[in-house]
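Here the structure is laid out as structure tokens; the discussion comes afterwards.
The values are calculated or read from the model by the stated rules, or taken from the named source; none is laboratory data. Please read these numbers as outputs of a predicted model, since none were measured by experiment. Here the Cβ positions follow ideal geometry from the backbone for every residue, glycine too, while neighbour counts run over all protein chains shown.
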């Protein structure tokens, strides 16, 4: 044991990772503890408290459920591997999260070691529903410790829980903890150590309560007819009500003395239920909700929160993006100038550093977006946002939880697609992913800006703004329409519904928010970043080779014209010309075709590719590019770019699926090639038909 | 805010299981808190926590409405769907 584990204490994080990804590589017997609990029970806080920085986030094989594994030092000095299970309400799975939680607890997953002990995290302020999962885990007959979390909240609400009587009733150790303050974590670890060697109580909840469930009113059983599933659940809750009455009566004895207002048929209602549940508590969270999901103020607050998220993404990130890409470009030029040979220089400057640059420009925006998402999620507002927006989205077959991912799509489709993991129903999640790229991402803005500014400037600022707005609206309309069609045809599956807990608000924790933002941003960097980078390299090679024959080298008026000729001679230029007959009916010439090919790396590459093809250089001299676009003519003297052509290209950018990194992320998130390929085909087909229709009808009506 | 006692839960098996598991069973008392600004879903309070359900899901839960002790109006005490039981 000493070899591997002592190493971890002094090694840096990445080496520690290697240590627990292969726990048995040196025959080390590592003890594995699994953290289970309801969503919003504070599991992650306790996980962080146990493992500190020694943790790693990956995926369970074959599903997009996050697998969080960490290392923790037990009081006796040995290392414990801690697995943070996804939140589950029940072990009878209804969502992928619950499926995984159940499989890990039962030791059914080959990619995860089976648990030596289980820590069930229970929210003391929401004892009844949390104990439902416990009632199922207890029956698995494994060493179990209850971490009674949020004791402070329970006390503040006047429903303190007596841990000792809970322990007596459950027959397993119960340790009170306040996760976010780190209280009780050492005690929890000691209890786990003891539970390992203690005999496991062998009992079945159902046996202990079967007598009680028979006492259900006879007339009711006659009317409803109790099936085994209902009997099982009801017996568990009957047992829970009994346990809760016991351990809250002692702790909060005084409250039970208050005279409850018993309803007219109170005789048939459990006295505890009446006492506690008659009125929802007037605590802070409820007061916040009476504002944040108020029918007027709620919507205004929602618009404000989403608006500031947007403003931060665009205005806060902009200067950082500019500075970063300027910096990268500078280094690229500097590095290239020290290199021998044109090809090597160009590879470094226009291939590698340009590629890195086009990845880097997304980072500030993505990081800010993930920061907002993490804060919204950890504070509890995310489920309120879903509550507010569900009506709107359920009409087109989506889910309230689709809203935030779709909104993220206005920055970039990739974080949006990653954020769809919170949607439980597979059909609504897939539908959300499939329409997400219609949202106008920030990479489209340079394209829109160039074309609208160049070809619609004559119509005035108001018209230009109107066109921009219309492009955004068009994306939303198509997303809604396509979602509706898919949910009626391909993805008919009934939704999992909208049974959504509205958890107590809490102040977001820096450690959770920071970690979430970091792990998501680095996931973006590795998944999208590598794709964008590789495509940039490939595009560079395609437009650099083959070189113009030497004897033609001297005929060019200037460097720009030479570069344009090179571009037309290169593979990219030839490819553009090859596809020209296919895109001619849309109003595109081969140069636009080359631009659209370039856009597969990232949509904004369209602009720089056009600039190269037109020989205006890759610098940000958009005026030059605009002028040469306006002047560009076919050999027969017709103008290449008319407002109609510009509109057709704009429509193409609204509808087409070009961004290959999005395709890669969809593959990752849906676990196969089926959906990403489908997405690529259907969106581009839609774009082709749309542009064909627009250009053909348009040129007949307005004569081109 | 309307209070009601859960009488029974109906609907498709998956939905019914989830509703029962979330605590809509054993004649528990449920408080209807509010509707979302756009009319759907609805928010409920039961067993010490808040949960939201779409109307079509809430319709699967049959309840008896508890008349408020100080209520001026007389409310029927018969069983009806949780949505219909409101206002």
Of all the helices (runs of 4 or more DSSP H) wholly in the range A:381-477, which have at least 2 residues that are within 14 Å of chain B (Cβ to nearest Cβ) and within 21 Å of the chain's Cα centre (by Cα)? A:381-394, A:426-435
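Condition check ((1) crowded, with 23+ Cβ neighbours inside 10 Å; (2) touching a residue at least 24 places away in the same chain (Cβ under 8 Å)) across all residues:
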site	(1), (2)
A:103	no, no
A:109	no, yes
A:112	no, yes
A:119	yes, yes
A:123	yes, yes
A:133	yes, yes
A:145	yes, yes
A:159	no, yes
A:166	yes, yes
For residue A:600, are the conditions met, namely being buried (at least 24 other Cβ atoms within 10 Å of the Cβ) and either at pLDDT below 85 or farther than 17 Å from residue A:456 by Cβ (or both)? no
Considering every residue within the range B:11-30, establish whether at least one is out of contact with any strand residue (DSSP E or B) (no Cβ under 7 Å at 6 or more places or on another chain), facing chain A (nearest Cβ under 7 Å) and over 23 Å from residue A:244 (Cα atoms). yes
Would you mind stating whether residue B:84 is at pLDDT 85 or above, out of contact with any strand residue (DSSP E or B) (no Cβ under 7 Å at 6 or more places or on another chain) and surrounded by fewer than 17 Cβ atoms within 10 Å (Cβ to Cβ)? no
Residue A:82 vs. criteria touching a helix residue (DSSP H, G or I) at 6+ places or on another chain (Cβ under 7 Å), assigned to a strand (DSSP E or B) and modelled with pLDDT under 85: no
Just to be sure, is residue A:330 in a helix (DSSP H, G or I) and surrounded by 17 or more Cβ atoms within 10 Å (Cβ to Cβ)? no
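Restricting to the range A:483-492, and then to whatever is part of a helix (DSSP H, G or I) and touching a residue at least 60 places away in the same chain (Cβ under 8 Å), can you tell me which residue is surrounded by the most Cβ atoms within 10 Å (Cβ to Cβ)?
From the range A:483-492, those part of a helix (DSSP H, G or I) are A:483-488; that's our starting set.
Next cut, touching a residue at least 60 places away in the same chain (Cβ under 8 Å) only: A:483-484, A:486-488.
Details: A:483: 25, A:484: 16, A:486: 20, A:487: 20, A:488: 11.
In this case the residue turns out to be A:483.
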Please go through the range A:672-690 and give me each residue that is surrounded by 13 or more Cβ atoms within 10 Å (Cβ to Cβ) and under 26 Å from the mean Cα position of the chain (by Cα), ordered by number. A:675, A:676, A:677, A:678, A:679, A:680, A:682, A:683, A:684
Could you list, in sequence order, all residues of the range B:39-64 that are within 11 Å of residue B:15 (Cβ to Cβ), facing another protein chain (nearest Cβ under 9 Å) and assigned to a loop (DSSP other than H, G, I, E, B)? B:54
Can you name every residue in the range A:129-154 that is over 16 Å from residue A:42 (Cα atoms) and either touching a helix residue (DSSP H, G or I) at 6+ places or on another chain (Cβ under 9 Å) or not in a loop (DSSP other than H, G, I, E, B) (or both)? A:132, A:135, A:136, A:137, A:138, A:139, A:140, A:142, A:143, A:144
Output the residues belonging to the range A:421-435 that are in contact (Cβ under 8 Å) with a residue 60 or more places away in the chain and crowded, with 24+ Cβ neighbours inside 10 Å. A:428, A:431, A:433, A:434
Odd one out for residue A:20, checked against (1) modelled with pLDDT under 80; (2) buried (at least 20 other Cβ atoms within 10 Å of the Cβ); (3) at positive phi: (3)
Tabulated pairs, the range A:66-95, first within 14 Å of chain B (Cβ to nearest Cβ), second modelled with pLDDT under 85 and surrounded by fewer than 21 Cβ atoms within 10 Å (Cβ to Cβ), C-beta under 7 angstrom, 6+ apart or interchain: A:94/A:496; A:95/A:424; A:95/A:496
Take the range A:96-132 and flag every residue that is within 14 Å of another protein chain (Cβ to nearest Cβ) and modelled with pLDDT under 85. A:97
Which number in (1) under 26 Å from residue A:39 (Cβ atoms); (2) modelled with pLDDT under 90; (3) in contact with a helix residue (DSSP H, G or I) (Cβ under 7 Å, 6 or more places away or on another chain) marks the one condition that residue B:8 misses? (1)
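Taking the range A:691-700, which residues are surrounded by 13 or more Cβ atoms within 10 Å (Cβ to Cβ) and either over 13 Å from residue A:649 (Cα atoms) or touching a helix residue (DSSP H, G or I) at 6+ places or on another chain (Cβ under 8 Å) (or both)? It would help to see each step written out before you state the result.
First, the residues of the range A:691-700 that are surrounded by 13 or more Cβ atoms within 10 Å (Cβ to Cβ): A:691-696, A:698-699.
Result: A:691, A:692, A:694, A:695, A:696, A:698, A:699.
Just a yes or no: is a residue in the range A:283-293 modelled with pLDDT of 55 or more and either at positive phi or part of a loop (DSSP other than H, G, I, E, B) (or both)? Before you say what the answer is, go through the steps one by one.
Keep residues of the range A:283-293 that are modelled with pLDDT of 55 or more, which gives A:283-293.
From the residues that got through so far, the ones that are either at positive phi or part of a loop (DSSP other than H, G, I, E, B) (or both) too are A:283, A:293.
Yes, that holds for at least one residue.
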